[in-house]
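One structure is given here, and the rest of the page talks about it.
The values are calculated or read from the model by the stated rules, or taken from the named source; none is laboratory data. Source: prediction; values computed, not measured. Here the Cβ positions follow ideal geometry from the backbone for every residue, glycine too, while neighbour counts run over all protein chains shown. Just so you know, the surface numbers come from the protein's heavy atoms only, side chains and all, with ligands and any DNA or RNA stripped out. Shrake-Rupley method; radii C 1.70, N 1.55, O 1.52, S 1.80 Å.
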Amino acid sequence: MMHFIKTYSWLLVPIFLLVSSNNVKVFDKTNQYAISINHPAEKTPVNVLIYQVLDKNGLPIEYYMDVPSVICLEKVCKVIPVRIFWNNLGEYQKYKLEKGATLEKYKADLFETQDYIKLQNILSDTNSPFKEVYYDEVLTVPKLEEDVDAVSGATALELDEEDTVPGAALGCYTLWHWANGEIVQKIKNLTGKVLSENQLAKALIDKNRGYYFIGINELENRKDFRSQFVNIIIGEVVKEELLLKSTFNYLEKLPIEVYFKATKKIFIKGEKAQKLAVIRSLQYSKYKPQKSYLDELSNQMSSLKSFQEVSIFLDLMQSKNQNSKIVIKNSMPLLDADFIISRRVYWFLKGQEISNPQKEKLQQFYQKYKNSL
Amino acid sequence: MKRRDFFRKGATAAVAVGAIPLIATSCAGPDDMVYDRKNDKWYHLGTGKTGVNSRKKTNEYDVAVIGGGAAGICAAVAAARNGSKTVLIQDRSCLGGNASSEIRVHLNGVNNIKGKAERETGIIEELLLHNRFENEQEAFPVFDHVMYDFVVREPNLTLMLNTQAIEAIMDGDKIKSALCWQATTETMFTINAPVYIDCSGDGLLAATSGATYRTGREGKKEFNEKFAPDEPDGWQMGATLLMSSKDMGKPMKYSPPSYAVKYTHEGGHKRRKFAGFQDGIWWIEIGSDDDIIADAEKNRHTLMAYLHGVWDYIKNSGKFPEAENLALDWVGSLPGRRESRRFIGDYIVSEKDMTEHKHFDDAVAFGGWSLDEHNPGGILDIKERPSFFHYHFKEVYQFPFRSLYSKNVSNLMFAGRNVSQTHIALSSSRIMATCALQGQAVGTAATLCNKYNVLPREIYKKHIKELQEQLMRDDVFIPKQIANDPKDLAKKAITIFGATTSSGDAMNLINGISRDIYGEINHWKSDGLSAQIQVEWESPIEISSIEIKCDTNVKRNIMMRKDSKNDDLYGNSVPKEMLKALSFEARINGQWKSLGEITDNRTRLIKHKFDTVKTTAIKVKMTETYGAESVKLFEIRCYA
């Protein structure tokens, strides 16, 4: 059903969807990719062609794909080809119809101007109710008054007027999943794949963090762990918590020396979330940190502000760096920190081999707080 | 002597001597069957003894629950678990009421609000989860036994099947005893209890107690109900007789029985659809504008006649070629009832309470099924639509405790379709999982009645907060009520944190809201497995139990369906989100000590008891779910 990759004379419907003249893009090249997509209205993956439009620098700037307006099992719906456009992040942009073509609603009513506008709004809404519902539910929309308490009558899906084009829920559903389904990640991958090194470096520092994820994912795919990228990544991840997960997925694949160097830098420069991420990574890493490395990290203990940071840092020391004189020395001042932090430090030190003066200080702490330990 | 007067005196004597004296009366009634056995000429060949067998028993309980449907099961389990010696009296041979294998209605609840469920938690969820573990094959007769297991495993709960509560014996405005006839043993039980809960639907015991009730439809004016008829009338929604069929893999013939009514569907309203007919047709339904209980047997026969008539139409009219290989493999003989008596409480819930989402200080349950008022004429009026879907809710509504106890019988409560509400309100709240929440509320309230030696009205006046807190602790969701149990020591924690967090915040676990709702996140979710949370107190506390509410995805339905639907809205197996394996540790003198582990959790509310420890911190380590990659929790509580 997806074989209508023909040359259409395209007409923008409605006219407001036209790209404004002051935003004209210079297209240099178009790549074509055959990909396989799962669509919730189809039982098996669908093979489709997607077009990647590049600018003169070889940067993907737009994607488009031709899809059927509706997937209709009962063969009673009129199927119109629709061309869907995305940007290079896989974000839906607009749709176009073939010249003279019109979309239809239930009982052969035609789309009116406001219906096209509403469809554009629906497809632009990444959190549309269509995201969560099942194809069967949408099929039952015309049966809104179906009762279901007694037996197995299909549940009527309740969609607000603003969430659907009345009478065309199935079409909205079909197109929403084309526009916002699996294709989004595929486009991101395609964008990453063609980026030059220079473009990748720029992606990592782009204000729109969508490009960071494309960039780091592509670096991981290319197994490119060179310092020119690692340094950029460190600089970015210490600024933004949102980047932690994908960054650590990448960092944990680095060669051992690079990994330890990178994690130390992030630990020193980062805030609470970054410090916690480093400690967790070290705790579960396939690489065994050296004593000197952990000792050096403990020099930063005074920068650990929260109970959670101190607690899991000491967990790490207990499991990988017992009885380190440096860690013990760095821990002692924290006996004067907030009570729950000092209590954690107290119990840590109780399990370490410490000097007599340190024991004395610990004993003083005990005397002071013995009822709250 | 008037019969009721006699009973009053007889019951007094019964309590004193433990037996009810014989009576002689010319009126036909259950009393005759039981007590007048002087003509019984039993000769026991084995022992040579002759005489009359004892067929009279008197039992004492703290709480008596009448009716073993979803509401009654939840009422009885709630009362028993909270410490009351409880009896559950069910007139059928199996539990489940409309959801039993005798009737086979889906145990629906708030199935669909804007495309997602807002599922009931608490005891009813635990029951439905139990079914997902024990009844993977989704067999209705097995569900009967799952419910049976769910009830009889409660140590404080006695189940009496095949037993009907037929008459209340009154002491002033209180029910003193319930006379209950057990058909299988020819025994009349006198059940004495300080609190009675009628969850039987029709409410025979409550009716005989003199509790005021009404039947039919209120007129628009009485409660300013938009969807009520202009003038009051006697119509009640009908009972439905279901069936199911099986694809035999070859053409199957069908000829209707002698009593079938010829059905043509001529002039049938377009809403009378046949979609899903292989699993039964809900509009094979008959109501009444008068005494629907008196009409029950007549209507049962008519429904059987229509059921076969409609199936004959499906099989032999030529209009359903898809039915060629289908054969009936189960036919109901017991119609599932929607409506009869509605007892009057201190408050009558009406349409606007629901559609305008009235806030009740005594809210104890919620609902959200649409205002789904069936055409009272049922299949006898096929020109009319089978149901009026007056209103679809956009969010759940509250249900108040004052509608769950009798206005004039002081120790009588209700749960289910017989509670204090209008006909229009019933059209939504009649759904079984909603009734089950009412059941858990009154079962819990009954225990409080005994604890304080008070009547239900006093629970409303003096102990409603305690009732709500106990319900929320037991995992009932009460819309817009925030749990704040003063005994919960987790609330005193100085910090709670997760080893990893992918969404929400570990501090949400003590915010008193145990689900994500109204667009707000109230959970903590780990980033992968294993996962861990730590609760830290400034000063040492003594605890002996930890209670956790984990995720079971209340936005997706889990009840058993005939079509075994498995999609984003309906699941046909154990929710993958549910936590399966976890362990507990406490920090004692600076050392982490194990408090035990759970390897095979099956409930959303996870309770773990241990010997009292004095501690400053606990850890919960979570290692496995039923399939989800991360763990989501909604609440943690700690108790001394």
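Of the residues making up region B:418-442, those that are closer than 20 Å to residue B:119 by Cβ and of a type outside the set (S, T, N, Q) are B:430, B:431, B:432, B:433, B:435, B:436, B:437, B:439, B:441.
The set of residues in region B:545-592 that are of a type in the set (Lys, Arg) and farther than 20 Å from residue B:614 by Cβ comprises B:549, B:555, B:556, B:561, B:562, B:565, B:576, B:580. Contact annotation: residue pairs with Cβ atoms under 8 Å, 6 or more positions apart or on different chains, pairing a residue in region B:156-169 that is in contact (Cβ under 8 Å) with a residue 40 or more places away in the chain with a partner that is assigned to a strand (DSSP E or B) and surrounded by fewer than 18 Cβ atoms within 10 Å (Cβ to Cβ), are B:158/B:59. Only one entry of B:473, B:457 meets the criterion of being under 25 Å from the mean Cα position of the chain (by Cα) and open to solvent by 50 Å² or more (accessible area, probe 1.4 Å), and that entry is B:457.
Per the conditions (1) away from every other protein chain (no Cβ under 14 Å); (2) in contact (Cβ under 8 Å) with a residue 60 or more places away in the chain; (3) closer than 29 Å to residue B:209 by Cα; (4) in contact with a Leu (Cβ under 9 Å, 6 or more places away or on another chain), the sole criterion not satisfied by residue B:152 is (2).
In region B:563-609, the residue that is farthest from the other protein chains (Cβ to nearest Cβ) out of those that are farther than 18 Å from residue B:534 by Cα and in a strand (DSSP E or B) is B:605. If only residues of region A:233-261 that are within 14 Å of another protein chain (Cβ to nearest Cβ) and of a type in the set (Asp, Glu) are counted, the one that is most open to solvent (accessible area, probe 1.4 Å) is A:241. With respect to residue A:286, determine if the residue is more than 14 Å from chain B (Cβ to nearest Cβ), surrounded by fewer than 20 Cβ atoms within 10 Å (Cβ to Cβ) and within 30 Å of the chain's Cα centre (by Cα). Answer is yes for this residue. The residues of region B:467-521 that are β-branched (Val, Ile, Thr) and either assigned to a helix (DSSP H, G or I) or under 30 Å from residue A:241 (Cα atoms) (or both), listed by number, are B:494, B:495, B:496, B:500, B:501, B:510, B:513, B:517, B:521. When region A:350-360 is limited to residues that are open to solvent by less than 70 Å² (accessible area, probe 1.4 Å) and farther than 18 Å from residue B:593 by Cα, the one that is farthest from the other protein chains (Cβ to nearest Cβ) turns out to be A:355. Only one entry of A:191, A:174 meets the criterion of being assigned to a helix (DSSP H, G or I), at pLDDT 95 or above and more than 19 Å from residue A:237 (Cα to Cα), and that entry is A:191. Evaluate the following for residue B:292: is it away from chain A (no Cβ under 12 Å) and either more than 30 Å from residue B:459 (Cα to Cα) or of a type outside the set (D, E, K, R) (or both)? Criteria met by residue B:292.
Looking at (1) within 14 Å of chain A (Cβ to nearest Cβ); (2) at pLDDT 95 or above; (3) assigned to a loop (DSSP other than H, G, I, E, B), which is the only condition residue B:282 fails? So residue B:282 meets the others, but not (2).
Of all residues in region A:295-318, those satisfying the criterion of being closer than 16 Å to residue A:269 by Cα, part of a helix (DSSP H, G or I) and more than 14 Å from every other protein chain (Cβ to nearest Cβ) are A:296, A:297, A:298, A:301, A:302, A:303.
When residue B:98 is tested against (1) assigned to a loop (DSSP other than H, G, I, E, B); (2) within 14 Å of chain A (Cβ to nearest Cβ), just one condition goes unmet, and that condition is (1). Inside region B:234-249, residues that are open to solvent by 50 Å² or more (accessible area, probe 1.4 Å) and either touching a Leu at 6+ places or on another chain (Cβ under 8 Å) or not in a loop (DSSP other than H, G, I, E, B) (or both) make up a count of 3. Just to be sure, is residue B:593 closer than 17 Å to residue B:621 by Cβ and either open to solvent by 10 Å² or more (accessible area, probe 1.4 Å) or not small (Gly, Ala, Ser) (or both)? Considered against the rule, which asks whether it is closer than 17 Å to residue B:621 by Cβ and either open to solvent by 10 Å² or more (accessible area, probe 1.4 Å) or not small (Gly, Ala, Ser) (or both), residue B:593 comes out as yes. Kindly indicate whether any position in region B:522-540 is acidic (Asp, Glu) and away from chain A (no Cβ under 13 Å). No: zero hits. Here residue B:133 fits the description: aromatic (Phe, Trp, Tyr), surrounded by fewer than 19 Cβ atoms within 10 Å (Cβ to Cβ) and either modelled with pLDDT of 95 or more or more than 22 Å from residue B:440 (Cβ to Cβ) (or both).
Being among the charged types (D, E, K, R), open to solvent by 20 Å² or more (accessible area, probe 1.4 Å) and in a strand (DSSP E or B), is that true of even one residue in region B:220-231? No - not one qualifying residue is present in region B:220-231. Total residues in region B:332-359 satisfying the condition of being within 13 Å of another protein chain (Cβ to nearest Cβ) and either touching a Ser or Thr at 6+ places or on another chain (Cβ under 7 Å) or open to solvent by 10 Å² or more (accessible area, probe 1.4 Å) (or both): the figure is 4. If the condition is being within 15 Å of residue B:313 (Cβ to Cβ) and aliphatic (A, V, I, L, M), then region B:232-273 contributes B:243, B:260, B:261. Scoring residue B:271 on the criteria (1) more than 14 Å from chain A (Cβ to nearest Cβ); (2) in contact (Cβ under 8 Å) with a residue 40 or more places away in the chain; (3) assigned to a loop (DSSP other than H, G, I, E, B) leaves a single failure, condition (1). All of B:482, B:533, B:464, B:548 fail the test of being open to solvent by less than 60 Å² (accessible area, probe 1.4 Å) and within 20 Å of residue B:366 (Cβ to Cβ), apart from B:464.
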